[in-house]
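What follows is calculated from the coordinates using simple rules that are stated; it is not laboratory data. Bear in mind that the values here come from a model prediction, so they are computed numbers and not experimental data. Note that each Cβ is placed from the backbone with ideal geometry, even for glycine, and that neighbours are counted across all protein chains shown.
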Amino acid sequence: MATHHASETPTVSKTGHPFSEIRSVLATDCGSTTTKAILIEKQTDGTFRLTARGEAPTTVEAPFEDVTRGVFNASVEVAELCGRTIVGHKDGEEFIMRPQTEEGGVDIYISTSSAGGGLQMVVAGVVRSMTAESAERAALGAGAIVMDTFAINDGRQPHEKIERIRQLRPDMILLAGGIDGGTEKHVVQLAEMLAAANPRPRLGIGFNLPVVFAGNSQVRGRVDEILGKKVSLQSVGNVRPTLEEEDLHPARESIHDLFLEHVMQQAPGYAKLMDMTDAPIMPTPGAVGLLIEQLAKATHQNVLGVDIGGATTDVFSVFSEKFNRTVSANLGMSYSVSNVLAEAGLPNILRWVLFDIEEEDLRNRIGNKMIRPTTIPVTLQELQIEQAIAREALRLSLVQHKAFAVELRGVQQERTIADAFRQSASGRTLVDMMKLDLIIGSGGVLSHAPRRQQSMRMMIDAFLPEGVTALAVDSIFMMPHLGVLSSVHAEAATEVFERDCLVWLGTCIAPIGPGTQGAPCLLVKLEAQGDRPAQEHSCKFGDLILLPLEHSEKRTRATLMPAKGFDVGAGPGKSREVEVTGGVVGLVIDCRGRQPFTVPAERSARVEALSRWGRAMDEYPEHA
């Protein structure tokens, strides 16, 4: 069976059809519970658009234990919706018909996957805040869930680390440590620790665990002597060749290759799926991250993306062209909902509930969701509780992401005397909300909210954007499909992403600074555009205002004039001219404050404030 390599993405399909000449694409995402299929077709005007979408239960577990069953079931649903044949039958076997002919079929078939728990990894480095952190970034960027991070200085005894590695049974290990020409002794210690643990892989019996060595290049021979006969070892470029430099690309490529060659071939039905696809299968988070990274690069923007699921929440960011991804493994809306309660605390969830409810009642409702994780809200109160939990899951995920997405630690910097009295500048977070241009939300609670106003407010309340920030949601969760498509046909992926995937919600304007309720905060002037006359809006501190503003190719020019002490990106009290984009919700002016942002603690005051904000956003018209 032919295997693909991430660094050797083919230019033609397995039937010999050039990717540059495709007319139709079938893409699937094999999730942990659901397999989602989409059909993308070239239109008469030459653009690519989404044609149909289908889904079916993922079949990686018993009784089927063949991931391709779910793929074919979802593909048949797509075929029925578009009135053509996509799945063929021969000698009792099903297959995706390719290339496209008058009888049916598609030109190429591609897929992503997070079924079977996705890619689970352990990483190790010499110093926890330096090489181990760089290794962690490399693994997360490749779409992995990092189960644990080991370092010489992590405070655990060697026997504790060895026992922990044996218990984890990861799919793969990334071993880093030492800059090129730097420490050798500690890197050897890490290799000897792995050799002593002799870890066994989670999937498959009788094959060696894949290990990627991305540390001090001068120790490769010694590492190979220690580990070469016990694991499937592959050495690549150092993730931290110097203190001032981080190079994650070789490690990510190697992780992707080994994921295909070793890990996926052990999972039920994946060997068959790999043989079916025309491009390398990507881990779902890796595909989403690739798409966000490409979007930020193409538009020269700072982008923050979030995918909130039932068990985990992934956060992606690109600031100053530096990509980071984190996985909040215990923050989700169904299986992990009680962890959100535990980490956030009941008062923090309660502050978002816009009706009077006893704490014990709220705790019981959250417990019921944990017991029956696949249920969805059927009443307005249940919906409001779920969206309150989502705000805290998103907020906590961003807190964790900010702590991880930092400048390189250990870099030598010039200091002034004043710096001696401040916290070390090394390791500052890269996530600057005032410099953020775009937030993209994905996941059921955001993509499938009954009203888009609810999605926009959830993200504003959770992330508290500052200055001027555009917001959008993934309409039907097709970002993974488009991420893998971008690797073989960037134009098609971009066109579908812009026209069918992203739903533009609008723009949030949020001045930062402390203020007094009802005091002047911000004057917003919008220029005339089309049939809409020029507008002027005076906003007081504590206000949340929604202005209708449709999305169009031409952005609206706005002049922002903050009151003394408030900042919208140009400095305290300084005016700023910006171009804002509209959307299905519009332009939101959020003058509720940021330093700090507070919700009234007293019950009646809390309900009154939340109800007022909900009415301002027209979130629950039937509840007005």
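Remarks
- Contour excess over end-to-end distance, with Cα ends at Glu160 and Ser20 and 0.36 nm allotted per residue: 45.1 nm
- The amide H of Leu233, built 1.01 Å from its N in the peptide plane, has Val211 as neighbours under 5 Å, considering only residues 5 or more places off or on other chains.
- Our coupling estimate for the stretch 46-53, obtained by passing each phi through the Karplus curve with A = 6.51, B = -1.76, C = 1.60 and θ = phi - 60°, is x, 8, 9, 9, 5, 9, 7, 9 Hz, Gly and Pro reported as x.
- In units of the rule-of-thumb radius 2.2 N^0.38 Å, the stretch 6-115 shows an alpha carbon radius of gyration of 1.07.
- Listed by Cβ neighbour count within 10 Å, with the fewest neighbours leading, Cys539, Cys508, Cys30 appear as Cys539, Cys508, Cys30.
- Spatial offset of the stretch 502-517 relative to the stretch 325-402 amounts to 24 Å, using the alpha carbon center of each.
- Peptides ranked, highest mean first, by Cβ atoms within 10 Å: ranges 236-247, 358-369, 382-393: 382-393, 236-247, 358-369
- Based on the Kirkwood approach, the hydrodynamic radius assigned to the stretch 118-247 is 14.2 Å, with every pair of different Cα atoms included.
- Rounded FRET efficiency, nearest 0.05, which uses the C-beta distance separating Leu168 from Ala271 and R0 of 25 Å: 0.50
- Over the stretch 313-366, the fraction of Cα-Cα pairs per 10 Å bin, rounded to whole percents and listed from the shortest bin up, is 20, 39, 23, 14, 3.
- In summary, the lysines within cross-link reach of Lys14, defined as a Cα separation below 16 angstrom excluding same-chain residues under 8 places away, comprise Lys272.
- Between amide H atoms placed 1.01 Å from N, distances below 5 Å from Lys574 occur with Val568, all of them 5 or more places distant or on a separate chain.
- Label point at His249 placed 7 Å out along Cα→Cβ; residues across the stretch 291-327 whose backbone nitrogen lies under 20 Å: 291-301, 317-325
- For the residue pairs Lys161/Lys369; Lys42/Lys297; Lys554/Lys574; Lys402/Lys574, alpha carbon separations beyond 30 Å are given by Lys161/Lys369.
- Each semi-axis of the equivalent ellipsoid for the stretch 221-267 is √(5λ) with λ an eigenvalue of the Cα gyration tensor; in descending order they amount to 23, 17, 5 Å.
- For Met97, Met172, Met433, the sequence from fewest to most other C-beta atoms within 10 Å is Met433, Met97, Met172.
- Loop-resident sites, the stretch 495-591, for GluC sites (Glu not before Pro), counting at most 10 other Cβ within 10 Å (DSSP): Glu553
- Couplings for the stretch 66-82, taken from phi via the Karplus curve 6.51 cos²θ - 1.76 cosθ + 1.60 with θ = phi - 60°, read 7, 4, 6, 4, x, 4, 5, 4, 5, 5, 5, 4, 4, 4, 5, 5, 9 Hz in order; Gly and Pro are left as x.
- Translational D in µm²/s for the stretch 205-310 (Stokes-Einstein at 20 °C, 1.002 mPa s, Kirkwood Rh from C-alpha pairs): 130 µm²/s
- Note on Ala342 and Ala528: the model spin-label points, each 7 Å out from Cα along the C-beta direction, lie 6.1 nm apart.
- Amide H contacts for Ala52 (H built 1.01 Å from N in the peptide plane; partners 5 or more residues away or on another chain; cut-off under 5 Å): Leu39.
- Sorted by Cβ neighbour density within 10 Å, fewest at the top, the residues Phe259, Phe597, Phe19: Phe597, Phe19, Phe259
- Across q = 0.18, 0.25, 0.26, 0.30 Å⁻¹, the stretch 471-521 modelled as identical point scatterers on its alpha-carbon atoms has Debye log10 I(q)/I(0) values of -0.63, -0.92, -0.96, -1.09, in the order of the q list.
- Every Cα-Cα pair of the chain was included, and the share exceeding 36 Å stands at 42 percent.
- The modelled label-to-label distance for the pair Asp148/Gln517, using points 7 Å beyond Cα in the direction of Cβ, is 5.0 nm.
- Total charge dipole magnitude, the chain, about the Cα centre, Cβ charges on Lys, Arg, Asp, Glu only, Debye to nearest 20: 1380 debye
- Residue separation of Ser475 and Lys574 scaled by 0.36 nm, minus their Cα-Cα distance, works out to 32.0 nm of gained length.
- Segment Lys90-Gln301, extension gain: residue separation times 0.36 nm, minus the distance between their alpha carbons: 71.1 nm
- Among the trypsin sites (Lys or Arg not before Pro) within the stretch 228-336, those in coil by DSSP and having at most 11 neighbouring Cβ atoms inside 10 Å are Lys229.
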